[in-house]
1. Right, A85: in a strand (DSSP E or B) and at pLDDT 60 or above or not?
2. Inside region 93-109, can you point out the residues that are among the hydrophobic types (A, V, I, L, M, F, W, C) and under 14 Å from L80 (Cβ atoms)?
3. Can you pull out the residues in region 88-97 that are closer than 13 Å to L17 by Cα and either in contact with a Phe, Trp or Tyr (Cβ under 8 Å, 6 or more places away or on another chain) or among the small types (G, A, S) (or both)?
Amino acid sequence: TAALCTTCDVWQNGVVLVTGHANGTIACWGVKYPTDAKDVRGGGTATSSFVVSKPSERGGMAKKVDAVVPSCQLVVMKLLVEHRASVTALALTVDQRQVISGDADGWCMRWVDDSMTNGAT
């Protein structure tokens with residue numbers, strides 16, 4: 001499998017990361033910023049509780065910790081499914097308008113612009 005990260009803040013309708021997978025799928029990831037990150041009870045940051053313990057504390061009491069909800073998360077924006085073998089290579093052109101992908105069978109594909117339509121092989 002393979003992965004690449006774009007070198008600009010926002011690329012092609014929000015895509016900032018591209019990953020190639022063993023099943024031949026290429027995933028284009030974007031960053032989602034939740035609009036409802038506020039706790040409905042108090043207007044503060046949303047939290048959830050969980051219990052943690054160190055290996056040395058296995059026999060004793062574990063302590064309760066509040067976890068802060070992340071300010072953003074990665075979401076799949078688009079799936080590209082033309083490859084029939086494991087994706088082994090990904091490259092981004094200098095102008096960041098095309099992704100070139102290669103698979104274990106030796107096929108290379110060019111994905112162009114927002115539409116991410118398959119170009120020449």
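The values are calculated or read from the model by the stated rules, or taken from the named source; none is laboratory data. Keep in mind that what you see is a predicted model, and the values were worked out from it rather than measured. Note that we place each Cβ from the backbone using ideal geometry, even for glycine, and neighbour counts take in every protein chain shown.
1. Numbers: in a strand (DSSP E or B): no; at pLDDT 60 or above: yes.
For A85, the condition - in a strand (DSSP E or B) and at pLDDT 60 or above - is not met.
2. Correct list: V99, I100, W107, C108, M109.
3. From region 88-97, those closer than 13 Å to L17 by Cα are 90-92, 96; that's our starting set.
Those that are closer than 13 Å to L17 by Cα and either in contact with a Phe, Trp or Tyr (Cβ under 8 Å, 6 or more places away or on another chain) or among the small types (G, A, S) (or both): A91, Q96.
One line per residue, one yes/no per condition, for (1) modelled with pLDDT of 60 or more; (2) in contact with a His (Cβ under 9 Å, 6 or more places away or on another chain); (3) of a type in the set (S, T, N, Q):
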residue	(1), (2), (3)
V18	yes, no, no
A27	yes, yes, no
K38	no, no, no
V69	yes, no, no
D95	yes, no, no
